[in-house]
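Asker: Right, I'll just put the structure down here and ask away after.
The values are calculated or read from the model by the stated rules, or taken from the named source; none is laboratory data. Since the model is a prediction, treat every value here as computed from it, not as a measurement. Here Cβ is always computed from backbone atoms with ideal geometry, including for glycine, and neighbour counts include all displayed protein chains. Just the protein is used for accessible areas: all its heavy atoms, side chains included, with ligands, DNA and RNA removed. Shrake-Rupley method; radii C 1.70, N 1.55, O 1.52, S 1.80 Å.
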Amino acid sequence: MKGIFLLAAGALLSAGVYAQQVSGTVKGANGKKIYLFDDQDNNPDDSLTIQNEQFTFKVKSGKEPAVYALIMQDVNYPMLFVSGGEPVHFTTTMATFPLASAVKGNENTMAMQAYQKAFDPLIKRAQDLNQEAREINPEDEPAKNAFRKKADQFSKDIVKTGTDFIKTHPKNIASIWLMMNELRSRVEPAEFQQLFDSLDKSIRESAYGNSVTAYIKSLKANAVNITADDFSQEDEKGNPVKLSSFRGKYVLVDFWASWCGPCRQENPNVVKAYNKYKSKNFTILGVSLDNDRDRWLRAVKQDGLAWTQVSDLKGWGNEVAVQYGIQSIPANMLIGPDGTILARNLRGEELEQKLQEILK
């Protein structure tokens, strides 16, 4: 689960009219660096070394509330807060950061902390599942099937936790933040639209709401049974490969990465499907969310991925993944000979069943 999503260009913070104080007490954090980030880029706005277990930052407030992140040295996840209103203060410890035992400040910040607390158990489960995936023997079919059931239940629990939170926080920025970071790759477009429509008008018409509106528009444009948007990306030899060059074939566009445990666990199923149907007008186009060329190509060889592979080596910033709103991997879409998206996220037996259905 990623920490923050960046607003589209044009939704930038306005010049602040006053500085809001954001402070905290972090037991056991003396000597640790803490960084302040806004939602515009991946460069810190400010940083300091914690002394006397205290930190204080000044945040410019714009015309609208904006999401900020506090990132602690040696901690994987950010503490999120929202600008605007009275000063914000967190009480926490190095062991529990980014969760706080007490929060003082605006309602949006309190709701953001409630969101992080609600998802903390799920983050721990995700870490355990990734570790479990890495330890499964590729030849152990019962273990792989058992793991898929766990992964499916995990995804359902994320959706339930998220939708329950949104229902009780329709007027908070945390809800729209949660939608974009946790739910958009896990719910159908119609359900995502319904969740967005359930939010208060003030949230729907905010800068974040405008970004979600744009996303929903692109989502609808790439739904099942419509033509897939074309793209071009370079293969391992630097040659540009266009999606449209596969017209006339059934093609599975497969989003994966060498560092993704569930992806590597799923690869044997994809290889099996490819070998079974490659002579029946079917192929695969792999889109890697790697940022290390050597690791990418090593994984391609190790997993026996004999089909075309492309990547811009930008990790989660992969332009094709961004274009298609990919927020979790593995992910895929099956495209017909005429360029129509026939299905999404086919895994394991589902992939073979679909291919058997259309490639009789």
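Asker: Given a cut-off of under 8 Å on Cα pairs at least six residues apart, what relative contact order in percent is computed for the chain? Numbers along the way, then the final one.
Answerer: Details: 607 pairs, mean separation 45.9, N = 360.
Rounded, it is 13 percent for the chain.
Asker: Rounded if a/c is under 1.5, else prolate if a/b is larger than b/c, else oblate: which is the stretch 245-285, with a ≥ b ≥ c the root eigenvalues of its Cα gyration tensor?
Answerer: Details: a/c = 4.51, a/b = 1.72, b/c = 2.63.
Note, shape of the stretch 245-285 comes out oblate.
Asker: Calculate the spin-label point distance for Asp230 paired with Asn281, positioning each point 7 Å from the Cα along the beta-carbon direction, and give it in nanometres.
Answerer: 2.1
Asker: Between the stretch 153-181 and the stretch 266-293, how many Å separate their Cα centres?
Answerer: Comparing the Cα centres of the stretch 153-181 and the stretch 266-293, I get a distance of 33 Å.
Asker: To continue, here is another question. Let me make sure I get this right: for the stretch 21-177, a, b and c are the square roots of the gyration tensor eigenvalues over alpha carbons, sorted descending. Under 1.5 in a/c it's rounded, otherwise prolate if a/b > b/c, else oblate. Which is it?
Answerer: Cα axes put the stretch 21-177 in the prolate bin.
Asker: With Cα extents along the principal axes in Å defined as stated, name the option among (i) 68, 55, 40; (ii) 65, 44, 42; (iii) 66, 41, 39 computed from the structure displayed.
Answerer: Computing Cα extents along the principal axes in Å and matching it to (i) 68, 55, 40; (ii) 65, 44, 42; (iii) 66, 41, 39 gives (iii).
Asker: Taking 22 Å as the cut-off for C-alpha to C-alpha distance, list the pairs among Lys124/Lys201; Lys149/Lys354; Lys149/Lys249; Lys124/Lys156; Lys272/Lys301; Lys33/Lys171 that go past it.
Answerer: On the way: Lys124/Lys201 34 Å; Lys149/Lys354 19 Å; Lys149/Lys249 31 Å; Lys124/Lys156 16 Å; Lys272/Lys301 15 Å; Lys33/Lys171 33 Å.
Those over the limit are Lys124/Lys201; Lys149/Lys249; Lys33/Lys171.
Asker: Right, next: Where a Cα-Cα gap under 16 Å defines reach, which aspartates and glutamates qualify for Lys104, not counting those fewer than 8 residues away within the same chain?
Answerer: Within reach: Glu86.
Asker: Under a plain spin-label model, where a point goes 7 Å from the Cα along Cα-to-Cβ, how far apart in nm are Lys272 and Ser245?
Answerer: 3.1
Asker: Describe numerically, in nm with one decimal, the distance between label points set 7 Å from Cα along Cα→Cβ at Arg344 and at Ala102.
Answerer: Going from the Arg344 label point to the Ala102 one covers 4.5 nm.
Asker: May I pose another question? Counting only heavy atoms of the protein chains, get the accessible area per residue of the stretch 54-102 (1.4 Å probe) and round it to a whole Å² value. Intermediate values should be presented prior to the final figure.
Answerer: Details: 2120 Å² over 49 residues.
Averaged over the residues of the stretch 54-102, the accessible area is 43 Å².
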